[in-house]
Structure formats: structure tokens, C-alpha cells
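Below: the structure, in C-alpha cells.
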Amino acid sequence: MNHTIGVFAHVDTGKTTFVEQWLYNSGSLKRKGRVDHKNSFLDQHRIEKARGITIFSDYGMIETATDRLYIMDTPGHVDFQMEMERALNVIDVGVVLVSAKEGIVSHTRTVYHLLTDRNIPVIFFINKTDLLGADVKKVTSMIDQLTGTDSYLFETSDLKAADTEALALLDDQLMEDYSSDALKETDLLTVITERFKHGRFVPIFKGATLHNEGLDVFDCWLKRMLPRDKHIEYHKPVADVFKVRYENGERLVFVKVLAGEFNVRDEVTYKTATSELVTEKITAIKQMNGPKQTSIQSATTGMLVALVGLSGIQVFDRLNDPDYQGTSKLKPTLTVDIITSAELHHLHKDMLKLTEEDPSLAARLSQDKARVQLDVHGEVQLEILADLIAERFGYEVVFSQPDILYQETIKQPVYGYGHFEPLKHYAEVHLLLEPATRGSGIQFKSTCDVNQLSVSHQRLIKQHLFEKPHKGTVIGAPVTDVSVTLTSGQAHEKHTSGGDFREATWRAIRQALLMTDMVLLEPLYHVEATVTPDLLGKLMQDIIKAGGETDAPLIRETDIFLTGRVPVKTFYDYPKKFLSYTKGDGQLSLSFYGYDEVNDLASITAAQAYDPWHDEETTGDSIFCQKGKGYTVKANEAAQAMHLPII
């Protein structure tokens, strides 16, 4: 059976060493590499070797008598968390490493919640137990506090009497059997495996993987607890796309086969970014194992493979299920302009290719069509991007000072009306927009009677709603956290064509936004920092000065632990300052917290100078037809001109 095991950790927790040692112990590697020796198996890229950090998710394989394990090594640095998140779509079990000295950090919490939100079973491995100051008991308690569920620290491959007694407490029937000396080990394993599969039991292991300590126990128990009844009902082969990579001029589409079998020369269907339904033929299938590639003829359920021949499918798509669209919960918070001597057209084309590999970059031309812009997470990513662009495309780039990726939302419910009726076209859409929970994005539902508007047309409206980001009216930032309800709509028996409902839907959204007040939101960091007592005052002062807030500090034996929240705008470059004044004797972790209302609205709007009524890229006006000629009705008058009754 095929299983994909994802390994996750904060940077410098020993994750890549863990994977390297595990592959070596299994016999998959003949020679063990090391990060500090720049020869680890899965950090293949020159930049990864030079920097000593994982930037791109990659996997190696372990073959046993009954199973094939794909071991996925993911980035630990916060600037590359989107790469880590993309790997989550194909993970069956998540292994989260934490340091025996530092314990749970902000990145650990982010990874754990991303895993549990996808119902992926989680194992914790407490690494670096050989370090001075390591405290396994403290870290185990931190894990329990994070998970809020039953856990157990396994220290041997075999169950001892104390293990059996402790694990029997997990279940009333197990305890009853244990008390009457009737408990069988097989029954105990069945219960803990079932609880683990459903996220109600968290196995914990410990060790020092640099010295190959603890991995044997971990490996033994993992193989015992692997979920073995995975099954997805599909009437045809399906596969999730989790990575796209260009290699030697070839576009490799990395997928996990969810059901069925894919063969070379099979035809598959998917939708492009413009919602065009495409059918293409698989021209090659490659079994990947780190830097090794093997051409194979078919891929079956559970396998990770790279497909060749698919020109437009994107990360988060699903082969042979065109209506499926996965999503990303993590979002970039910064945007930059690229400064280079390269010709604009070629630069844009090259950056679109990078965006295929990393969709979060969202390469695009600026509104004046004079610059190429990218969305990013931080300064480390920018350094890597500059190096990568020079290597891949042969020209040097620098980046502008980062700007913030703002978002906008509505303050109160509002109705929106869109009508599109040039000659021989027809569509009308009525929508209700309501504020939604912060961080929930755009949601859609319909209360429209199917006798008034067919199910197929209602599905079209939903599809068109999500085809592009919609601009707010404060500075033109993307709209978020809105619940959209289709209340009514109308088609024409003869004149309605495919794009008509796109126009009507987009116009209805824009008309609603122009008719209401909107709120500008900015991204915040969650701050976790450890400093010596003499530096606490400076750290707290810096956070407050940056417009943030702190929680009560936790005073420990030798240091102080502080958490808080702070705007990205004023804090994205703080890690360099922190490193300077702590002289390396401190820890700082910044992770995405969410969006909240801005504090300096006037200065932001003055700098942007956005006029929502004269944005050439979007309109809330409607188009009607009279005596064979189309005419425009402005957004502020459109509601009264609708053909259907308005609310």
C-alpha cells in the first residue's frame, strides 16, 4: 500500500537530518548526507545546499514488504510556508518535529492546525534530546496543551507492562480487559490505531536524529499505526496536483493518485485558469525519488508521480474532476515591483512561469502596465528569488521596498444588481452581500428558485464569482470575508450566451460594493520571542511603537517568553534588528496572524488616491437594450432599471 508521510518543523529543528537518517536506516540511501556538509539527499537545489535550508518540498521513497512510503521533506522557514502548505494536499500522516530545548513555537502551531483542519493524523517527534537544556517532560506537556487530546510518549519498540497499563486508560473496554487480565496486545493496537487515524490520539517519540537515536522506535510504531482503509469513491481515475516544476524544458506536474490508474497516453480533463475545459494526453509518467527519475507506464492509487504532457493544469487542481478546486489558507502579506534591465514582456513571461510553480507569487503587470509585481512573504524569500531568477533566466533583478497586501470587506449587508443586455445578449443577477467571519474569504449560496433560473445558470454565477478577485472601493484592494447569496436572476431563452452571466455577476458585485461603506484591512504577525530579562523592555517597546500589542510575559528560569500581535507593515524587517541587538542570544518567530482594520486609514488612502468610480478594470454599471441598441445605466441608478423586482 502507498502512504505519504509529511515531515514538518520550524527551521533548525533537525528536520532534514531526520529524513536523511530515516531514509538511510531503511536502506533507501547507500550514503548518508548532512545539511552542514551540503550533500543531503532531498535538498537538491544549489541554493538549498548553499543556504543550508529547505526551500522546495521533495520526497524520497522507502520500500517494505507490504508498503511504499513517500517521505516528504517540507520547508521550515516561514517565508516558504506556502510550499509547505501545498504538500499538505497529499499527506496521509504528518510528523511534526519539535526541539527538546525550545519546544512548541508559533510555526509548530500553524502546521498542527493546518494538518488537523485536513483531518490528517499527527505524530510528534521531540528532537535534539542531546542538547544542554533539553526537557522532554516540559515539551510533552506543551504538546498536550496544543493538541488537547490523549497522547503517549513511546520509548521502546515493544510494549512494556507500564505502557500497556497507561494505554489501557484510553478506552473503557481496554481498561476493563486489562483489569481482568484479558487484554490482548492486538486489541490494544487496534484501538490506538483507530483513535490515531481519527485524530483522537497523538503518539509522541523522542531522540537525537543526528546521532541516530530514537528513529528505530518511531519507525516501528509508525508502520504499526499507518491507516490502511483509505478509499475514495470515484467512477474514473482522479489525482490531485501538488506541484509544478520546469526541468530541462519539460513541464512536470506532480500528482497524487487518489483513485484508479493513470497510464501513458491516457486522456485527462481539467479546467484552465480561465475556466476553459481542456482534454490532454499524458505523454510520460515519472517515478521520482529525490533527484532520481524512473519512467514508468502507469500510476495506481496512492502513488506520487510526475506527469508530462499537461500544459495548463495548476497546483490545487484535480485531474478528471474539473469542478474541484483546492484552496490555500496561508497568504502572502507583501508585494514588490521587480527592478531589472530585462525587457518587460520577457520578464512578465518568465515570472508567469515561476507563478505556475509557486501560485502565491501571483505575477502580474502593474496597473500602468509598466512594471511586473510579485506577492511575497519576506526578505529571505526575496533573496532566494533574486538568486533563482538569475540562475533560471540569466538576468539580475532587485526588488522595490515591499508594500502591504491590504484587503477590504463590507461593514453591513447590501444588495447588488447587474444586468447585461447588449443586442442579442441577456443576463440579470441579483445578489445579497453580507459581512462574514474574519478570515473566512468569499462564500456563496443561493436562495434563487430553480423555476426562475436553472441550476446550470446558478452554477455559472457561482463559477464566475470566483474567477477573479473583486476590488474594494477604499484603495482597490481585494475583497474578502463576504457571504454572497444569489437571490434572483434571469436568462433569455434565445439570447443568453456563455459569457453573459459573467458580465452580470461581476457588475452586480461591483454595484453592491459601490453602494456601501467598506473597511480596509491589513495583515498582522503573531509574534513569539525569547529574550534575556534585560532586553524585555526594548522588545515590548518596539512592538507597541510598531502599532502592536503584547500579552503578559512568561518569566522562566533563564529567559522571558513574550507573545503579541503587530502589523506586518511596521515589523516585516524586524528580524534583522532583533538579531543585531540580541547578538544571536534570543529567538524570534513571526507567523501570519490574520487581517484586522487598519489604524492609519487616512495616510494609506491619500497615498493610493484610488477613485472607485473611474476604475477602467471593473464597473458596476449595467447595460440594457432598447430599440435594438444597447445603453448604459450607471451603478447608482441600476437597481431601479432592473427587469426583476428588487428588494
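If I ask for residues that are outside any helix (DSSP H, G or I) and either touching a Leu at 6+ places or on another chain (Cβ under 9 Å) or farther than 23 Å from Lys538 by Cα (or both), which ones from region 570-584 would you list? Walk me through how you get there before you give the answer.
First, the residues of region 570-584 that are outside any helix (DSSP H, G or I): 572-573, 583-584.
Across region 570-584, the qualifying residue is only Tyr572.
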- Item | Odd one out for Lys329 among (1) open to solvent by 30 Å² or more (accessible area, probe 1.4 Å); (2) over 28 Å from Phe592 (Cβ atoms) | (2)
- Any hit, region 190-201, residues being under 24 Å from Ser57 (Cα atoms) and of a type in the set (Asp, Glu): no
- Note on the structure: Among (1) open to solvent by 60 Å² or more (accessible area, probe 1.4 Å); (2) touching a Gly at 6+ places or on another chain (Cβ under 7 Å), Thr190 falls short only on (2)
- Message: Looking at region 292-301, can you tell me whether even one residue there is surrounded by 13 or more Cβ atoms within 10 Å (Cβ to Cβ) and within 27 Å of Gly499 (Cα to Cα)?
- Response: no
- Task: Give the residues of region 590-607 that are out of contact with any Phe, Trp or Tyr (no Cβ under 9 Å at 6 or more places or on another chain) and outside any loop (DSSP other than H, G, I, E, B), sorted by residue number.
- Result: Gly594, Asp596, Glu597, Leu601, Ala602, Ser603, Thr605, Ala606, Ala607
- Query: Checking Lys411 against (1) farther than 30 Å from Thr340 by Cβ; (2) open to solvent by less than 60 Å² (accessible area, probe 1.4 Å), which test does it fail?
  - Reply: (2)
- Query: Applying the selection to region 166-182, what residues are surrounded by fewer than 16 Cβ atoms within 10 Å (Cβ to Cβ) and within 29 Å of Thr209 (Cβ to Cβ)?
  - Reply: Ala166
- Message: Regarding region 540-558, can at least one residue be identified that is in contact with a Leu (Cβ under 7 Å, 6 or more places away or on another chain), closer than 23 Å to Gly476 by Cα and not β-branched (Val, Ile, Thr)?
- Response: no
- Total residues in region 263-291, condition open to solvent by 30 Å² or more (accessible area, probe 1.4 Å) and among the aliphatic types (A, V, I, L, M): 2
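From Tyr395, Tyr417, grab the single residue that is hydroxyl-bearing (Ser, Thr, Tyr) and in the same structural domain as Ser622 (by the TED database). Reasoning before the result, please.
Working: Tyr395 fails: in the same structural domain as Ser622 (by the TED database).
Going through Tyr395, Tyr417 in turn, the sole match is Tyr417.
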- Query: assigned by the TED database to the domain that holds Ala65, at pLDDT 90 or above and either of a type outside the set (Gly, Ala, Ser) or loosely packed, with under 15 Cβ neighbours inside 10 Å (or both): does that describe Val255?
  - Reply: no
- Message: Just to be sure before I move on: is Gln381 buried (at least 21 other Cβ atoms within 10 Å of the Cβ), farther than 30 Å from Lys629 by Cβ and among the polar types (S, T, N, Q) in the structure I sent?
- Response: yes
- Quick one: in region 547-598, which of the residues that are touching a helix residue (DSSP H, G or I) at 6+ places or on another chain (Cβ under 7 Å) and of a type in the set (S, T, N, Q) is farthest from Gly76 (Cα to Cα)? Thr550
- Task: Please specify each residue of region 460-493 satisfying the condition of being under 26 Å from the mean Cα position of the chain (by Cα), of a type in the set (D, E, K, R) and open to solvent by 20 Å² or more (accessible area, probe 1.4 Å).
- Result: Lys462, Glu467, Lys468, Lys471
- Restricted to region 96-115, and to residues that are out of contact with any Leu (no Cβ under 8 Å at 6 or more places or on another chain) and at pLDDT 95 or above, which residue is farthest from Val241 (Cα to Cα)? Val98
- For region 195-223, name all the residues that are over 19 Å from Arg118 (Cβ atoms) and open to solvent by 80 Å² or more (accessible area, probe 1.4 Å). Leu210, His211, Glu213, Asp216
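The values are calculated or read from the model by the stated rules, or taken from the named source; none is laboratory data. No experiment lies behind these values; they were computed from the predicted model shown. Here Cβ is always computed from backbone atoms with ideal geometry, including for glycine, and neighbour counts include all displayed protein chains. What goes into the accessible areas is simple: the full protein's heavy atoms, side chains included, and nothing from ligands, DNA or RNA. Shrake-Rupley method; radii C 1.70, N 1.55, O 1.52, S 1.80 Å.
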